[in-house]
Amino acid sequence: MKPTLTTLLLLLLATSCADSVARGPDANLPATRGVSPSAEPLLKTALERIRQNASPTRCLAHLKSISANNRLAGSAESRLAALYVQQQFLLHGLSTRIEEHEVLLPWPTEATVEMIAPFAWKATLSEQTLPDEIDAPQSALPLPLLAFSPDTDVTGRVVYLNRGLEADYAALAPLKLNLRGAIGVVRYGGSYRGTKVRLAAEHGLAALLLYCDPQDDGWVRGDVWPLGPWRPPQSLQRGSALDIGTIMGDPLTPGVAALPGAQRINLQEAPGIPAIAGIALNATDAGTLLAALGGPAVPAGFQGALPFTYHVGGDAKVTLRLTARSDWQTRTIQNVIAEVRGTLDPQSSIMLCAHRDAWGQGGADNAAGTATLLECAELIGRLNTQGLRPARSITFCSFDAEEFGIIGSAEYAEAHERALHGGQALCINLDACVTGPEFSVSGAPETGHFVRTALAGRNDGATWKPRMQGGGSDFAPFLQRFGTPALSVNSEGPYGVYHSAYDTYAWMKRFGDPEGRNMSAVACASACIAWAAADSTLLAVDVLAHADWIATEVRSVSTGLSAAEQTELQTAVAVLQSAATVLAARIASASASDPDPTRLIGANRLLATLPRALLQTDMEAGRPGYRHVLVGVDPADGYSALSLPTLRAAQKLAPGPARQRAVEIVLHTLQRAAAAQQQAAFAIERALR
């Protein structure tokens, strides 16, 4: 594969521009972060006011109000929570609206697990009230049938599959178990539950039972609720089995907003719907079932913490009957949107978002995130009423139906595609963000300058962790559809009641955030980061850090390619790194020169849309919304980032047209990214002439 003319021209141009430019300006200087000398005092004033006005008491009050009821997406209680959020946004003086979508939300109506042999037994499929519990679980919690599980009535043998990962099936292969038609039992952990269900179906199982082993989040880790933060044995983990690696949003309107009049496909054609049902068990019920299994003892690494030796089963000794039914209706969800409109470039925007729905009261997940979002809105709303407004817009989004499969945020992305594609610069996501006192900020490497500006002067041990995110929460539609870099601000601790009846205000008051200080700290940092990104003179994307990340990943992933292919990719990376060096220096020098911000609107728009160069609209058929060439979602776990997925796929192909196309997709993406950075650098230079 020979270097293209475009590659050579860009390399020559970048090299000539970079001759007199150092590797990068000092990241500790305000100008490097896009802050001019004139803007710096006002920015410091705004950040200081945010820090002074942060209120733990307000956060606790919001937490208590939001977690007072169950908030199953599509329910009346969920709508009441939406109205509460809207009211709070209005009280903060923000322009506010509710956007509704009609989406498929199957609510479970029947779920049973009964043992037929060797003895009669029926799983409880519930979570009982505990002695000395502060607030008892509510009776209206949904049955623990994983959302989007198909209606089913199956009877079969039982086999234990550890975590239900591909490696676990490989470990069981020497035992030559007959998995076809069997009912699998797996413990949570290691991957998204929908991935476990998909793999079970691919291996021929008829249904899947999922439980939380005490080894992972129960008594082995420490005291269980109500004495400690960990999961009690009668607790189970609800959730969705929608394949979010295939579809985000309403499965009946893939790729388009689920608005009235939208064309809907048949359920049988809908992407991401699991082929088999999944039901969650608590550890007590799982113990009864697993203790009855015969067959060989489990392979190494399969043993959990229940008080007996685990066996794989697979014979006719234990037979189960499993039934599942849902009410497959289209229901109305509400996204609550508020905005502080930018003064110079309102079309460019910074997003702060949190999902509002829950499988129960959802104290940590995600009443705490919603309370934190409302505190961010108040802190920034106060600046707005005091006459301090950012150059770019800041949007606050309270999304619905995240728990069913990242539905509300994906619908928002589909409904506002043109505006978001043209101006969204950053997404700060607040999902289960407060579970203890360990504070950190993590996210895409190119967001580092915003974080450093916002956290400058803090002495509380806050840490910045550059880490590319992949999927699994509300940032994903914006990252995968528009390339928008994502950040998460967290205050973490032991959290064993995820997706259970015991994730309540009481749990948060006792363990997650007794005084509201953790939520307040996360809100303060999130608001400061959003303001720093929205009001900098130049939108200082850390292009050097991003280019270095790309270089590292390309070196790592391309090792299985030919020498010619590797050379071509390394040449493109060198071009990108040179372009990044030039652009970073141009941002720093321009900011230091104290420019007129009105002359930089065009250049800032180019900086905001740099990530669009990383997209490919026809990435993979059947996966609407997944367009990012450099960052995908790891299919092995359904959550974490997978760098250069197209290049990884190319390694598995024999030399030929398919492999060449895969390599060329990455190559052209790197070339587009370098050209976009060159264009932004030239735009800054022209604006200052």
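The values are calculated or read from the model by the stated rules, or taken from the named source; none is laboratory data. Predicted, not measured: the structure shown is a model, and the values here were computed from it. Neighbour counts run over all protein chains shown; Cβ positions are idealised from the backbone, glycine included. Accessible surface is based on the protein model in full, side chains and every heavy atom, while ligands, DNA and RNA are left aside. Shrake-Rupley method; radii C 1.70, N 1.55, O 1.52, S 1.80 Å.
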Gly255 farther than 30 Å from Ala410 by Cα, small (Gly, Ala, Ser) and part of a loop (DSSP other than H, G, I, E, B)
no
Residues in segment 279-294 that are free of Cβ contacts under 8 Å to residues at least 60 places away in the same chain and more than 16 Å from Trp219 (Cα to Cα) total 2
Checked segment 420-461 for anything part of a loop (DSSP other than H, G, I, E, B), open to solvent by less than 10 Å² (accessible area, probe 1.4 Å) and farther than 19 Å from Gly493 by Cβ; matches are Ala444
Cβ pairs under 6 Å, 6+ apart or interchain, first in segment 372-385 and over 16 Å from Cys397 (Cβ atoms) and of a type in the set (S, T, N, Q), second open to solvent by less than 10 Å² (accessible area, probe 1.4 Å) and not in a helix (DSSP H, G or I), ordered by first then second residue, are Asn384/Val340
### Leu642 being surrounded by fewer than 22 Cβ atoms within 10 Å (Cβ to Cβ), touching a residue at least 60 places away in the same chain (Cβ under 8 Å), touching a Pro at 6+ places or on another chain (Cβ under 8 Å) and under 30 Å from Tyr412 (Cβ atoms)
yes
Residue count, segment 50-101, condition part of a helix (DSSP H, G or I), of a type in the set (A, V, I, L, M) and either open to solvent by less than 20 Å² (accessible area, probe 1.4 Å) or within 17 Å of Met508 (Cα to Cα) (or both), comes to 8
Exception for Cys59 within (1) modelled with pLDDT under 95; (2) touching a Ser or Thr at 6+ places or on another chain (Cβ under 6 Å); (3) not β-branched (Val, Ile, Thr) falls at (1)
Scanning segment 653-682 residue by residue, the ones that are outside any helix (DSSP H, G or I) and free of Cβ contacts under 8 Å to residues at least 24 places away in the same chain total 3
Within segment 55-69, residues being of a type outside the set (S, T, N, Q) and more than 18 Å from Ser526 (Cα to Cα) number 4
(1) in contact with a helix residue (DSSP H, G or I) (Cβ under 7 Å, 6 or more places away or on another chain); (2) open to solvent by less than 20 Å² (accessible area, probe 1.4 Å) all hold for Pro296 apart from (2)
- Message: Residue under question is Lys196, and the condition is that it be open to solvent by less than 10 Å² (accessible area, probe 1.4 Å) and among the basic types (Lys, Arg); does it hold?
- Response: yes
Checked pairs for segment 164-176, first over 14 Å from Gly314 (Cβ atoms) and open to solvent by less than 70 Å² (accessible area, probe 1.4 Å), second among the polar types (S, T, N, Q) and assigned to a helix (DSSP H, G or I), C-beta under 9 Å and 6 or more apart or across chains, list as Gly164/Thr195; Leu165/Thr195
(1) touching a helix residue (DSSP H, G or I) at 6+ places or on another chain (Cβ under 9 Å); (2) more than 21 Å from Pro254 (Cα to Cα) all hold for His355 apart from (2)
Residues of segment 352-382 being outside any helix (DSSP H, G or I) and either among the hydroxyl-bearing types (Ser, Thr, Tyr) or open to solvent by 10 Å² or more (accessible area, probe 1.4 Å) (or both), in sequence order, are Trp359, Gln361
By residue number, the members of segment 398-416 that are surrounded by 24 or more Cβ atoms within 10 Å (Cβ to Cβ) and in a helix (DSSP H, G or I) are Ile407, Gly408, Ser409, Ala410, Glu411, Tyr412, Ala413, Glu414
Exercise. Does segment 327-341 contain any residue that is part of a loop (DSSP other than H, G, I, E, B), out of contact with any helix residue (DSSP H, G or I) (no Cβ under 7 Å at 6 or more places or on another chain) and within 30 Å of Phe396 (Cα to Cα)?
Worked result: yes
Taking segment 128-153 and keeping residues open to solvent by 10 Å² or more (accessible area, probe 1.4 Å), at pLDDT 90 or above and not in a strand (DSSP E or B) leaves Pro142, Leu143, Pro150, Asp151
Here, helices (runs of 4 or more DSSP H) confined to segment 462-575 with at least 1 residues that are open to solvent by 20 Å² or more (accessible area, probe 1.4 Å) are 517-535, 543-557
Checked segment 591-606 for anything farther than 11 Å from Pro37 by Cα and touching a residue at least 40 places away in the same chain (Cβ under 8 Å); matches are Pro597, Thr598, Arg599, Leu600, Ile601, Gly602, Ala603, Asn604, Arg605, Leu606
Condition set assigned to a strand (DSSP E or B) and not hydroxyl-bearing (Ser, Thr, Tyr), scope segment 342-351, selection nearest to Ser65 (Cα to Cα): answer is Met351
Checked Ser349, Ser326 against criteria (surrounded by 16 or more Cβ atoms within 10 Å (Cβ to Cβ) and touching a Gly at 6+ places or on another chain (Cβ under 7 Å)); the one match is Ser349
Taking segment 202-253 and keeping only residues that are closer than 30 Å to Arg264 by Cα and basic (Lys, Arg), one is left with Arg238
